[in-house]
Each structure stands twice: as structure tokens, then as C-alpha cells.
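Enquirer: Please read through the structure below; I'll follow up with questions.
The values are calculated or read from the model by the stated rules, or taken from the named source; none is laboratory data. From a predicted model like this one, the values you see are computed outputs, not experimental measurements. Methodologically, a virtual Cβ is constructed for each residue, glycine included, from the backbone with ideal geometry; neighbour enumeration extends over all protein chains shown. Surface areas here come from the heavy atoms of the whole protein model, side chains and all, with no ligands, DNA or RNA. Shrake-Rupley method; radii C 1.70, N 1.55, O 1.52, S 1.80 Å.
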Amino acid sequence: MGTAAEGRRIRIRGTVQGVGFRPWVYRVAVENGVCGRVRNDSSGVTIDAFGDDASLSAFERALHAAPPPAARIADYQATTIPPEPVTSFVIEHSAPAAECRVSIPPDLATCDDCVRDILDPTNRRYRYAFTNCTNCGPRFTIATDAPYDRGATTMAPFEMCGPCRREYEDVRDRRFHAQPTACPDCGPRLELVRLPDDAPASTVRTNGLGARAAVGRRFRDPIEEAADAIVHGLIVAVKGIGGFHLACDATSEEAVARLRARKHRDEKPLAVMVPALAAAEAVAVLTPAHRDLLQATERPIVLADRRVDAALAVSIAPRNRQVGVMLPYTPLHHLLLSDVGRPLVMTSGNLSDEPIAFTNDDALQRLAGIADYVLLHDRDIHTRCDDSVAMVVAGAPLLIRRSRGYVPRSVTLTTPVTTPVLATGALLKNTFCLASGTQAFLGPHIGDLENLETYESYRTAMERFERFVDIRPALIACDMHPDYMSTMYADTRTEPVVRVQHHHAHVVSAMAEHGIDGPVIGIAYDGTGYGTDGTSWGGEILLATTAHFERLATFRPIALVGGDKAIREPWRIALALLLDAYDGAPPAAADRLLASVSAADRQTMTQLVQGRVQVSLARGVGRYFDGFGALFLDRRRAAYEGQVALEWNQVADRLSRRSYPFDVHERTRPLELDLRPAVRAAVDDVVKGVPVGTIAAAFHNTIAAATAAAVTRAAAIVGPLPVVASGGCFQNALLADAVRASLTGFPLKLHAQVPPGDGGIALGQAVVAHAIASGHDDRGL
Ligand SMILES: [Zn+2]
Ligand SMILES: [Zn+2]
Ligand SMILES: [Zn+2]
């Protein structure tokens, strides 16, 4: 390398740490005859490059051309610096303080190069299920401590063989410092275990691991054998990245029915894994945004409309027009899919409501009643992490479960958190959040905090995450609901606790995602959340800053008889809507609705509603979806929370502009949106024979119009402010679109990377708690 005629400092921000970025920069520098150094710093990567003008320009062009697959360049800046007499290019170890707080990257889907390796019979990693490189492989789920280094992963017990070590130490190699690198000679092994069933003759057989000791004996490849079992309709538990999946033939009604029965999962949709994009196109209707999500290195489950001609068992998602599809993200998936030759159901390995199994012992015990075989291996999963789930709303990606592949990547806050905070999340679809400085880390999906197993997993995950992201909270944020396990957990902590109103937290999570401090007009629509008055809110339009909120509008409350029972039996809500709309005396036409409900049940319920016995009032927009859906689809029960609401969304005619009247009661504060006229108009429509799809569309359009009416009135008082939308209802693409279209003159900000539902609420809790605790005096309120 010649004398440096020029110097350039290049700062790159984005996802550039833990994704093989610095070795890649090194290689590009060496290829272009550039000297200097590259290092991580708190905001990304900084390169000091020296060389002549031509090589520096070539170097910069190459940096833009093809960064590592998992890297995201958000910002690139180059400035001129004085030349230095350096003669080589080095990867500098950064000072610990300068390192990005999180040194553990998220888990990355197998890259194309590694897929080629495992499919190439001449490659030494041919059909090797643990193949990975700097661009791919497990990260977060195998880390046992921070910083991220092989010794602090579950790969520590595997001693690298000579060839692997040479690759690991060669900066020009794709496996340079790939912490989990391995090969068939030195790495983890698969084993297929037959689980004992009721048949007395069954025995536990092992392969793979046994093969290592039994030199000379030939065993069939465990993957081939597992594939064989699946093809024959059996259920195989497959150890993945963040836990076990239960796999079966997705084209077989019989296999899927067996899985549902054993897992005690009635109708909740099951995710499907297909080998490649073309196979995904064959089962689902995909837009470019869907394709990007499917192929993203995070590999979420992507919800899309199921093709009518999809060769999938209908029982995968009964009464659901969508299907959750994902592409393989481990070598094991690639090999299994290719051996089976058809789509696989890949659902989390657990009994309904329990956390996903992630250790071998746990899987062998807990999945014994469900799976016929367990395909496991000796690389431990240290942290369980469920699959992420994404969808497309308003043409843009939206995460509705942010977990594997995304965790522990941070959300950048525009206003730094000066006191580190732990936010404990809500009750259902729980995630927690740790925030410090400008970084907020949402933890992995925990699930519904409704049993001890889940609570234990939650507690462990939080305490471990504190260590991983190196944040020791000095402040705890939680929901206001006194009965949430997440609130109870907060109370066990010694740090000061701030209780945050549920819908305020939703709105602030949207503000945080969009870098807005407020004030905003925040729309928070969900099923339920504890209000400051102790009642159930969920149709809220707020004037909000990070520290304060004021309720501008809400929905007229619905009588819920028997509380949560009404959510499982939404016909109760339907009847309450009718009684309210017709002052207790629905016309004969309305009696013909809810045909599946007996006259006796109807009468009992009417008496309870009218006598206000066991009645609580709920304002959740989600409850309106439940009630309308149950009424016009005649659904007595919901197999899972939100099922009827989802159906009500899916039957809606996408093109209909029909809308119903509603009232806005302006004398109340907050003003109240009253949908009784809409109930009556919809009943009239039934009499007129209007198709149910049109009625469902009109319902969506009415919620949107009522929202716009409330926002417009609010803006007249508080001024033109940004409008953000949050809450579980905004997973409904049709509603989100309708609200956006109705809010003419108010650009609506929706979520993208942070889930709108309770899986994203912890972010808002953290920001609110910090703002309140630090006496953040924000404008306006
Ligand atoms: Zn790779
Ligand atoms: Zn090796
Ligand atoms: Zn909520």
C-alpha cells in the first residue's frame, strides 16, 4: 500500500453492529488498497480511510454496493481528514464506553451463502443443520452473558476443529468471528427421539447423538426420518432458534386436526412454513411489502390473504381468510422442508396458554402428549423467543408481535431517558421494556400473563435482559390495573413505581416510535384498559404529551354482563347493544338476529342488563367489533379473544363506502361517540336484505367517521396537532385505512416497528413514567 495522499472519515449509522459489518469493511478496504481503521462507536461504525483519491472513491462505492445482508445503513456521512502514515487496515477494539450499549445482536435467518453450503454435496457442511456465518445464525437466543462472544454463548462447550478455527481467525473469511460457527466435525448434532405413546410396544429411540459415540454404525439422517414421520401424518416437535415448534403436514386435515386436539387449541390460526417465496405465493396473496417482510432476515410470520386455491388444510385457520406464512430461517428448516416437500404447520411448541418449550428436557416432558417425535439437538437455547408476526397495513409493514429477529434491537428515543426505566407491560401478549439514554429495548414476546409458568418465564426474562442490555433500572413503570400480574411484579421491586394509564401508554408508544414529544391528538382503540376512574376504557381520543393526557372523546359504554365472560360469549355484548339502541325494546326484526341464542337465555340476559346485575361498563372499540360481529354473524361464542372481531373485519366488503349515522354528545367532557343510530340502521339493513359484508363495511366506515368527527372537534379546541393512532384495533388494516381516509387534513401516524397492541405498550409506559418522574414539563397541558 502506497503513501496516503488523502484521508476520509466515514460515519455509518443504522444496524451495523453484530452483523459482520467491520470484517466486511476490512475486506472491502483491503480489496481497494485502502489503509486505516474501523471501529464501533455509540451510534454505529466509524471508518478512518487513507489512500489515493481513486482507491478511496472505489472503497466508498463498494461500501454502498453490497453491505452484509443483515446490515441496515440508515445514515452515511463522509468528511475529509488529514492523511496519516498508516500501512495497513485494522479492526479496532472500541473502548467499552464507546461501544453501543447492546452488544448482543438479534437472531439472523440463514443467509443464501450458507444455504448453498448445506445443499452442496461437495461442501464440508453439506446437510449440516448448524451451519452459520457472520451474516447469519443464532445470536440473542444462545447468548448466556454480555458482551456477545463465543465463550458467553451456548456454543462455548463445542471446541472448534482446525478448519473451523482457521475460518474464524481469517478476516477474509465469511466466518471470521462468527461466534456460533461449527461444522459436522466439531459442532452440535441432531437427534430424533420417539416419544412414548399409549401403545405399550413403543420405545425411545435415539439417533444422531448416539451416532457420535457409535463409530462405524450407520444411522439414517434424523432430518430424513423426521420428514418421513411428518409425511405419514405424525407430529414432530422441532427445536428451533427461540424454542420448539410443533410441525406437521400443512396439507393434511387429519394431521392438523390431531395437532389441534392434542395442543388443546380450538381455532386459533396456525402458522405455516414454506420452502421459498414461490411456495408462499402459492398459498397467499402477496404484495411487494409482504414479500419484503417474508424475506427479511428477521423472518417474521407474515399474515396475508389466503389464496382460494391454496393447497392447505382448511383447519389451519378456520373461519379466517388469512394465513400466517413464514420462510425457513435455520438450516434445519431448509433441510426439513426440502425433505418433506410440502408446507409445514410450524406452531409454537407448547400447550395452549403455556410458554413455548425451549430446553430438551422441557420439550420431552411437556410435549410428550402432543408430539410423536422430538427432533432436538445439543446446542442449548438460553433465552426463549417466539416467532415474530407482521402484516401489511396501508401498504406498509406493521409488526404485531415483535420478538425473534427483532429483539434485542433498540428503538431510538429522541428525548433521552436520564433515569433508567423498566416498564413491565400489560397483561396479554406481554412484552417489557428497558430504556436508558436514547435507547429503548423491548423484550421478547412473553405471552398472556395468566398463569404461574408464564409469570416465571416473564420474571426470568426481565432479569436476564437487564444484564444483556446493561440497564439497571432506577424506576419502574406499570399499568394502572391493580390485578395485572405485571403490576404485581412492579410492586415486588424496590425501585419507585409509576402507574401509567393504559391508553396514555399506547399513545405515547406511537409518539416514541415517531419521535414526537407531543402534544398530539392520540387515538387509542383496543378491547379494554383500566381507566383512571376504575372503569374499562378502550375507545379513547386523548390530548397527550409524554407526561400528561386529557381525555377528549370516548365511546358510549356497553353493558358487559359477567365481565370477561362476555368477551368469550360476545352474543351478550350483541344483546346489550340491541337493548341500548332500542331503549330495552328491540323490534321483532332484531329478534330474528342471534337465532342461535335461546329465548330463555335471551330473556335472562335482558333481565341482567336491565337490572344492572353483574354488569360492568366497557368503552372499548374492540367490544363494538365483538358485539356487531356477534349480532350480524350470529356468533354465540369466540374460540379465542378477538375471534369474532377478526371475522367481522374479514367479511367486510373492501370497496363499500356505505356508512351509518352516529351521534356526538358534545356537552359531556370527554365528548361521547354514540353508535346507537348505527345499530338501528344496521338492523334496518338486515331487514332490507343488505349483504352482511356491506353492513360490516359500513360499521368500519362509521367508526372511522365518528373518529374523524371527534378529532375535528378536538382540533378546533386544542389546535392542529399531529394525530397518532395506537391500540390493538389498529391491527385491522381496513379500520386503519378508513380512519386515515376520514381524517382529511390530519396526517395520521400509524405504528410500524412497534406493535400497536399490548405487545408494544411497554415502550409508552417507560417514556411516560420517565416524563412523570423527572417532572418533564411539556408544552401545553
Ligand atoms: Zn451465513
Ligand atoms: Zn469444525
Ligand atoms: Zn391495550
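Enquirer: Checking Phe140 against (1) open to solvent by 40 Å² or more (accessible area, probe 1.4 Å); (2) away from ligand 1 (no atom under 16 Å from the Cβ), which test does it fail?
Expert: For Phe140, the exception is condition (1).
Enquirer: Just checking, does the range 46-54 include any residue being over 27 Å from Gln179 (Cα atoms) and assigned to a helix (DSSP H, G or I)?
Expert: Within the range 46-54 (the criterion being over 27 Å from Gln179 (Cα atoms) and assigned to a helix (DSSP H, G or I)), the answer is yes, since at least one residue qualifies.
Enquirer: Of everything in the range 120-137 that's away from ligand 1 (no atom under 13 Å from the Cβ) and of a type outside the set (Asp, Glu), which residue is most open to solvent (accessible area, probe 1.4 Å)?
Expert: Only one residue fits best here, namely Thr122.
Enquirer: Also, quick follow-up: Are any residues in the range 135-157 within 16 Å of ligand 2 (Cβ to nearest atom) and either charged (D, E, K, R) or touching a Pro at 6+ places or on another chain (Cβ under 6 Å) (or both), and if so, which ones?
Expert: Across the range 135-157, the qualifying residues are Gly137, Arg150, Met155.
Enquirer: Another question, then. Return the pair list, or none, for Cβ contacts closer than 6 Å from residues in the range 176-188 that are farther than 10 Å from Arg150 by Cβ and within 12 Å of ligand 2 (Cβ to nearest atom) to residues that are open to solvent by 20 Å² or more (accessible area, probe 1.4 Å) and among the β-branched types (Val, Ile, Thr), at least 6 apart or on different chains.
Expert: Listed by first residue and then by second, the contacts come to nothing, as the list is empty.
Enquirer: Okay, next question. Look through the range 542-556, keep the residues that are farther than 26 Å from Ala773 by Cβ and touching a Phe, Trp or Tyr at 6+ places or on another chain (Cβ under 9 Å), and return whichever of them is surrounded by the most Cβ atoms within 10 Å (Cβ to Cβ). Give the derivation first.
Expert: Filtering the range 542-556 for residues farther than 26 Å from Ala773 by Cβ gives 553-556.
Filter once more, so that each one left must be touching a Phe, Trp or Tyr at 6+ places or on another chain (Cβ under 9 Å): 554-555.
Numbers: Thr554: 22, Phe555: 27.
So the residue we want is Phe555.
Enquirer: Moving on to the next point. Any residue in the range 445-458 that is on the phi > 0 side of the Ramachandran plot sitting within a Cβ distance under 8 Å of a residue that is in a strand (DSSP E or B) and buried (at least 19 other Cβ atoms within 10 Å of the Cβ)? List the pairs, counting only those 6 or more apart or interchain.
Expert: Short answer, once both residue conditions are applied: Gly447/Asn430.
Enquirer: From the list Met485, Met480, exactly one residue is in contact with a helix residue (DSSP H, G or I) (Cβ under 6 Å, 6 or more places away or on another chain) and open to solvent by 10 Å² or more (accessible area, probe 1.4 Å). Which is it? Don't jump to the end; show me each part of the working.
Expert: Values: Met480 fails: in contact with a helix residue (DSSP H, G or I) (Cβ under 6 Å, 6 or more places away or on another chain).
Testing whether each residue is in contact with a helix residue (DSSP H, G or I) (Cβ under 6 Å, 6 or more places away or on another chain) and open to solvent by 10 Å² or more (accessible area, probe 1.4 Å) leaves just Met485.
Enquirer: If you don't mind, another one. Within the range 350-409, which residues are touching a helix residue (DSSP H, G or I) at 6+ places or on another chain (Cβ under 9 Å) and among the acidic types (Asp, Glu)?
Expert: Asp353, Glu354, Asp372, Asp378, Asp380
Per-residue answers, yes or no, for (1) farther than 25 Å from Ala70 by Cβ; (2) open to solvent by 10 Å² or more (accessible area, probe 1.4 Å); (3) at pLDDT below 95:
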site: Arg401; (1), (2), (3): no, yes, no
site: Thr412; (1), (2), (3): no, yes, yes
site: Leu442; (1), (2), (3): no, no, no
site: Arg467; (1), (2), (3): no, yes, yes
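Enquirer: Within the set of pairs 6 or more residues apart or between chains, which connect a residue that is without any contact (Cβ under 8 Å) to a residue 60 or more places away in the chain inside the range 703-725 to a residue that is among the aliphatic types (A, V, I, L, M) and surrounded by fewer than 18 Cβ atoms within 10 Å (Cβ to Cβ) with Cβ atoms less than 6 Å apart?
Expert: Correct list of pairs: Ala709/Val664.
Enquirer: Let me ask something else about it. Please find, among Ala585, Ala589, the residue that is open to solvent by 10 Å² or more (accessible area, probe 1.4 Å), over 15 Å from Val561 (Cβ atoms) and not in a loop (DSSP other than H, G, I, E, B). Step through it out loud before you land on a result.
Expert: Values: Ala585 fails: not in a loop (DSSP other than H, G, I, E, B).
On inspection, the qualifying residue turns out to be Ala589.
Enquirer: Related question: I need the full set of residues from the range 42-86 which are basic (Lys, Arg) and either free of Cβ contacts under 8 Å to residues at least 40 places away in the same chain or touching a Pro at 6+ places or on another chain (Cβ under 7 Å) (or both), in order please. Working first, answer last.
Expert: As a first pass, look at the range 42-86 and keep what is basic (Lys, Arg): 61, 72.
The answer is Arg61, and nothing else.
Enquirer: Being outside any helix (DSSP H, G or I), within 30 Å of Ala736 (Cβ to Cβ) and touching a residue at least 12 places away in the same chain (Cβ under 8 Å) is the requirement here; does Pro318 meet it?
Expert: On the way: outside any helix (DSSP H, G or I): yes; within 30 Å of Ala736 (Cβ to Cβ): yes; touching a residue at least 12 places away in the same chain (Cβ under 8 Å): yes.
So Pro318 passes the test.
Enquirer: Something else about it: Does Ala257 qualify as being small (Gly, Ala, Ser), touching a residue at least 40 places away in the same chain (Cβ under 8 Å) and surrounded by fewer than 19 Cβ atoms within 10 Å (Cβ to Cβ)? If you could, list the steps in order and put the result at the bottom.
Expert: Details: small (Gly, Ala, Ser): yes; touching a residue at least 40 places away in the same chain (Cβ under 8 Å): yes; surrounded by fewer than 19 Cβ atoms within 10 Å (Cβ to Cβ): yes.
Yes: the conditions hold for Ala257.
Enquirer: When you go through Arg39, Arg61, Arg22 one by one, which is the residue that is open to solvent by 40 Å² or more (accessible area, probe 1.4 Å), assigned to a strand (DSSP E or B) and not polar (S, T, N, Q)?
Expert: The conditions single out Arg39.
Enquirer: Then there is this: Is it fair to say Ala600 is open to solvent by 50 Å² or more (accessible area, probe 1.4 Å) and without any contact (Cβ under 8 Å) to a residue 12 or more places away in the chain?
Expert: Details: open to solvent by 50 Å² or more (accessible area, probe 1.4 Å): yes; without any contact (Cβ under 8 Å) to a residue 12 or more places away in the chain: yes.
When the stated conditions are applied, Ala600 passes them.
Enquirer: Among the candidates Leu336, Leu332, Leu312, single out the residue that is outside any helix (DSSP H, G or I), buried (at least 24 other Cβ atoms within 10 Å of the Cβ) and touching a helix residue (DSSP H, G or I) at 6+ places or on another chain (Cβ under 9 Å).
Expert: Numbers: Leu336 fails: outside any helix (DSSP H, G or I); Leu332 fails: outside any helix (DSSP H, G or I).
From the options Leu336, Leu332, Leu312, the qualifying one is Leu312.
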